[in-house]
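Structure record follows, encoded as C-alpha cells.
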Amino acid sequence: MVLVIMKAAARLLVLLGCLVLCRADAPTPLVMWHGMGDSCCNPLSLGNIAKLIQSQVPGIYIHSIEIGNNIIEDTLNGFFKNVNDQIDMACKIVAADTNLTNGFHAIGFSQGGQFLRALVQKCPQAKVLNLISVGGQHQGVFGFPRCPGGNETICEIVRRLLNLGAYQSVIQDFLVQAEYWQDPMDEAEYRSKCVFLPDINQENHMNSSYKDRLSKLAQLVLVMFTQDTMVQPKESEWFGFYKEGQDKETYSLFESKLYTDDLLGLKQLNDTNRLHFLEAPFDHLQFTEEWFIQNLIPYIK
C-alpha cells in the first residue's frame, strides 16, 4: 500500500512539474481591439489576423475584445457607445479572464489603438507589457474622408452628427468618433467639451496614475501608415497633429507639451529605448502579412 501511494505521489509531482514548466514556456497572451466598423471576431479581418499570429507564435492565447453580446452589437458600439463606458467594460473583461492575470501584450487597430492606451492608463487590472498601436489616432482626427468596409450608411450618419456639432453634449454622450474629434480651429471648445481624448492626453488636469501606468510599459510601438487616406492627419498615429488655428501644417510629438513636459511618460519611454515609431508604406490598415510578420510579430513573441 505504501509503495502504491509513493508511486501515485511521484506521478502527481511529475504532472505538477510539467504544468509549471509548460506555463513558464507558454507565449505571453495577447489582447486585441478592433477598429471602427469592425468586430472582435470577423473572420476576414481580426479573425484572420489572429490566425496569422497563431501561425507565427504557436500556443499563444488571444483574447479579442468584444463590446456587446454579439458581433453586431460590437460593430455598432464602435460607432455609438460612449468610449469611457467601453473602457470600463474592457477593464472588467480583462480582469475576469484568468489567462491574463500575469500580464499580456496588446495590439489595437485604428481607434482600438487609443482605446487600448486608455485601458493601460485607466485600468489597474490591465497588466500590459508591450502595447502596439496600428494606425491609432492618439491626438484624434479632424476629418472623416472615407469609411471602412461596407459601413458607408452608418458613416454618413456619423458625418452628419459631426457636422451638426461634435461637441454638443448629446453627441458627446454616445458618438465614438466625436469623442476623439479635435478641432484645431477651436482648441478651447475641444478641451472643455470633448469627453474622452483631452482626459487621456492630460490636457485639462494631471492624473499622475495615467503617467505611472503608461511609463511602466515594456514597449510602446506606434505604427503610422504613410499613405493613409482615412486618418486626418496621419501624424496623429505618432502623437502629432495640426498646429492650432489651421489644418495644413502639423507638429510632431517631440514639439508638443505632451512630450516636452512628459505628461504621459512618453519622453521617459523614449529615453529608455521603449518607444518605437514604425512606418507602414500602405493605406490605412492595408498592411501585408509579410510586413506584419517582419515588423510586429517580434513584439508579440
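The values are calculated or read from the model by the stated rules, or taken from the named source; none is laboratory data. None of these values were measured; they are calculated from a predicted model. Note: ideal-geometry Cβ built from the backbone for every residue, glycine included; neighbour counts use all protein chains shown. Each accessible area value is taken on the protein alone, full model and side chains, heavy atoms only, with ligands, DNA and RNA left out. Shrake-Rupley method; radii C 1.70, N 1.55, O 1.52, S 1.80 Å.
A few remarks follow.
- Residue satisfying all of: in the stretch 240-250; of a type in the set (D, E, K, R) and touching a residue at least 12 places away in the same chain (Cβ under 8 Å); most open to solvent (accessible area, probe 1.4 Å) among these: Glu244
- Check on Leu253, buried (at least 20 other Cβ atoms within 10 Å of the Cβ), over 18 Å from Phe144 (Cα atoms) and in contact (Cβ under 8 Å) with a residue 24 or more places away in the chain: no
- Filter pass, Gly165 being surrounded by fewer than 19 Cβ atoms within 10 Å (Cβ to Cβ) and closer than 17 Å to Cys194 by Cβ: yes
- Just one residue in the set Gly59, Gly108 is at pLDDT 95 or above and under 24 Å from His276 (Cα atoms); that residue is Gly108.
- The set of residues in the stretch 43-75 that are free of Cβ contacts under 8 Å to residues at least 40 places away in the same chain, assigned to a helix (DSSP H, G or I) and either among the basic types (Lys, Arg) or open to solvent by 30 Å² or more (accessible area, probe 1.4 Å) (or both) comprises Asn48, Lys51, Gln54, Ser55, Ile71, Ile72, Glu73.
- Screening Gly37 with (1) small (Gly, Ala, Ser); (2) at pLDDT 95 or above; (3) under 30 Å from Val195 (Cα atoms) gives one miss only, at (2).
- Residue in the stretch 1-17 that is modelled with pLDDT under 80 and either polar (S, T, N, Q) or not in a helix (DSSP H, G or I) (or both) present: yes
- Among the criteria (1) open to solvent by less than 60 Å² (accessible area, probe 1.4 Å); (2) in contact with a Lys or Arg (Cβ under 8 Å, 6 or more places away or on another chain), the one Asn102 does not fulfil is (1).
- Scanning the stretch 256-300 for residues that are open to solvent by 40 Å² or more (accessible area, probe 1.4 Å), over 22 Å from Val31 (Cα atoms) and either in a helix (DSSP H, G or I) or modelled with pLDDT under 95 (or both) yields Lys257, Thr260, Lys267, Gln268, Asn270, Asp271.
- Residue check for Lys216: under 19 Å from Lys122 (Cα atoms) and open to solvent by 50 Å² or more (accessible area, probe 1.4 Å): yes
- Among the conditions (1) surrounded by 15 or more Cβ atoms within 10 Å (Cβ to Cβ); (2) out of contact with any Phe, Trp or Tyr (no Cβ under 8 Å at 6 or more places or on another chain); (3) assigned to a loop (DSSP other than H, G, I, E, B); (4) touching a residue at least 60 places away in the same chain (Cβ under 8 Å), Glu203 misses just one, which is (4).
- Residue in the stretch 177-187 that is in a loop (DSSP other than H, G, I, E, B), under 19 Å from Gln114 (Cβ atoms), open to solvent by 10 Å² or more (accessible area, probe 1.4 Å) and not basic (Lys, Arg) present: yes
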